[in-house]
């Protein structure tokens, strides 16, 4: 069984630095994470940009508001991409390529395990079941 709170892309929200710092309301951890994730001046994050309650919430990391994988998962009304008939799609693979190698392989591994298990059916999953699956 895959533990955690698995986002559409396969990342485990409960292991995410931004999610943890948000839940702990730890501004110093948010600052450190924002700085760590910033890439030059073009992709500079502030602590308020990365406050996140997970992929299924309304308070998200700045990138996630327009994440094509998240938007697609919501449009298809699936629990995460493992439950989608088109898994893995080009959008998902492109997003994985943008992750650090460890994050990418762990995200794919999470979704592959969910897909192989009886935890997903390939059918839309009622949003009230989100916590049962983790």
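Just so you know, all these numbers are worked out from the coordinates, no wet-lab data involved. None of these values were measured; they are calculated from a predicted model. Neighbour counts run over all protein chains shown; Cβ positions are idealised from the backbone, glycine included.
Listing for the model above:
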quantity: Filter pass, residue 93 being crowded, with 19+ Cβ neighbours inside 10 Å and under 20 Å from residue 112 (Cα atoms); calculated: no
quantity: Failed item in (1) surrounded by 15 or more Cβ atoms within 10 Å (Cβ to Cβ); (2) within 14 Å of the chain's Cα centre (by Cα), with residue 14 passing the rest; calculated: (1)
quantity: Failed item in (1) crowded, with 16+ Cβ neighbours inside 10 Å; (2) touching a residue at least 24 places away in the same chain (Cβ under 8 Å); (3) under 19 Å from residue 13 (Cα atoms); (4) touching a helix residue (DSSP H, G or I) at 6+ places or on another chain (Cβ under 6 Å), with residue 84 passing the rest; calculated: (3)
